[in-house]
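Taking it in order: structure first as structure tokens, then the write-up.
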Amino acid sequence: MTDDELKISVKDLSEALTGYHGVRPVILIDGYDGPVIGSPDGPEDRGIMNLLGPFMYASVKGNENRQAV
């Protein structure tokens with residue numbers, strides 16, 4: 001799976017679930033804040049943040065196929 005596919009994977013899954021069940025799923029994401037709490041200044045941290053930001057946006061904020069609770 002590429003980084004681009006991973007970034008939209010939850011959005012794609014929630015779209016499929018909505019289409020199949022006719023109800024928007026509730027998405028719970030835990031443990032994403034570890035890299036944010038630590039001081040992201042190393043090259044590996046920047047890589048994580050470059051993936052995490054678009055992943056979270058596509059999964060939650062930019063995802064009309066999820067149920068807000």
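For ASP45, ASP4, write out the residues from largest to smallest accessible area, computed with a 1.4 angstrom probe and no ligands counted.
Ranked list, largest accessible area first: ASP4, ASP45.
What is the gain in length, in nm to one decimal, between LEU17 and ALA68 on full extension, counting 0.36 nm per residue of separation less the C-alpha to C-alpha distance? Write out the running numbers ahead of the final one.
On the way: separation 51, 0.36 × 51 = 18.36 nm, distance 1.52 nm.
Fully extending the segment from LEU17 to ALA68 adds 16.8 nm.
The values are calculated or read from the model by the stated rules, or taken from the named source; none is laboratory data. None of these values were measured; they are calculated from a predicted model. With ligands, DNA and RNA removed, areas are computed over all heavy atoms of the protein, side chains included. Shrake-Rupley method; radii C 1.70, N 1.55, O 1.52, S 1.80 Å.
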